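Here the structure comes first, spelled out in structure tokens, and everything after it is commentary.
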Amino acid sequence: MENTLIPAKKLKHVLKFTVEKVIAIEDELNSLDRAIGDGDHGANMSRGCKSLLENIDDIKFDSTADVFISIGNTLISSIGGASGALYGTLFINIGKNMNTGETVNDFIIACEKGIDAMMVLGSSHINQKTMLDVLVPVLEILKEQQTDLSEVARKARNLSNSTINMKAEKGRASYLGDRSIGHLDPGAYSSEVIVCSICEALNNHG
Amino acid sequence: MDNIGIVIVSHSADVAASVAQMLNQMCQNKVKIAHCGGNKEGGLGSDADQITEAIKQVWSDKGVAIFVDLGSTEMNSKIAISRFESSKSRKIAIIDAPLVEGGLTTASVASCGESLKGIQKTLKDMSLYS
């Protein structure tokens, strides 16, 4: 089991730590979304994360694949919006693609499949002011065998900030056209917080 | 009933119910129509579980046409479709047309037995995205 990516017990800690961080930024996410969307990204993410906390003892932390699939299903059924569909699809597809093995390399390959599935679902790609502007480059950093998680987190923050100058081409923000420029994308920010929280949780209890 | 089924999905449960009411009048109940809208807590949004149930309710071997409004209704509809076996999922289509006008036209032609492919062809001029 030495080759296992994250031992089950640690995974539970990482999940708890991450969802608590996302719940804590509910108001911040809502206010970012009020500027260029419909103002409910924080409420939606918080609802999904609270549902994960409530159901955390029902998740079987025996296999990493099953944990990711459970997380995805809970997010889809509890959020009821685009963020649930997108993050849910990401996690379900990470889980489904981890059944061959649970090493770091297996995880990175599974993440790539998960992000691909998100792109298909949202018919989107990078530079459109979305979650992908954080997730896709973070994946590239991981593929380069970056093992310093503080560095991954630092890059995730920079990536999310880079959406400020982008014009939205997806979601409700796209209705605003050029007026979306100058605002941080709420989806990119929630992705930043998820990535940074996972890195922090792994660093503190690695 | 040898006609396709129709599912109306909106961010708002009220909008979905009202659009379905208009469609029912148009097709004189010759087409099965299901509607759903909002999240599980009764707020605005969309819910893949409700959409899955709606598809089951109106299932027809001739196929099911889904009409959506905003982004997440389309994404959650895609997730709902992916939950069916491929023999069924290939007969379910999200139609690229406005919810009300597209739905009304479909209800009308579906009541005369039009196929899913025929409906997609009929609504091509109403396309919002291509």
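Just so it is clear, none of the values below were taken in a lab; they were calculated from the coordinates. Computed from a prediction, not measured in an experiment: that's the story for all the values here. Cβ: placed from backbone, ideal geometry, glycine included. Neighbour counts: every protein chain shown.
For chain A, the relative contact order works out to 23 percent when only alpha carbon pairs closer than 8 Å and six or more residues apart are counted. Strictly over 31 Å apart at the Cα level, which of A:K21/A:K170; A:K10/A:K167; A:K9/A:K129; A:K96/B:K30; A:K9/B:K88; A:K50/B:K32 would you flag in this model? Going by Cα-Cα distance, A:K10/A:K167; A:K9/A:K129; A:K96/B:K30; A:K9/B:K88; A:K50/B:K32 fall outside the 31 Å limit.
Separation of the range A:41-97 and the range A:129-204 by C-alpha centroid, Å? Centre-to-centre distance over Cα atoms comes out at 19 Å. Shape verdict for the range B:62-130, please, from the Cα gyration tensor: rounded (a/c under 1.5), prolate (a/b greater than b/c) or oblate. Because a/c hits 1.5 or more and a/b fails to exceed b/c, the range B:62-130 counts as oblate.
Using only helices, what value at 222 nm comes out for chain B when you add -39,500 (n - 2.57) per DSSP H run of length 4 or more and divide by the total residues, to the nearest 500 deg cm²/dmol?
One gets -13500 deg cm²/dmol as the mean residue ellipticity at 222 nm.
Backbone phi angles across the range A:68-77, fed through the Karplus curve with coefficients 6.51, -1.76 and 1.60 (θ = phi - 60°), yield HN-Hα couplings of 5, 5, 4, 4, x, 4, 5, 5, 4, 7 Hz in residue order; Gly and Pro are listed as x.
In terms of its alpha-carbon gyration tensor, chain A comes out prolate; a/c meets the 1.5 threshold, and the first ratio a/b outweighs b/c.
Explain nothing, just the number: dipole magnitude of the range B:58-130 about its Cα centre with +1 on each Lys and Arg Cβ and -1 on each Asp and Glu Cβ, in debye rounded to the nearest 20.
Taking the Cα centre of the range B:58-130 as origin, the dipole is about 320 debye.
Rounded to the nearest 500, the 222 nm mean residue ellipticity of chain A from helices alone is -21500 deg cm²/dmol, with -39,500 (n - 2.57) taken per DSSP H run of at least 4 residues.
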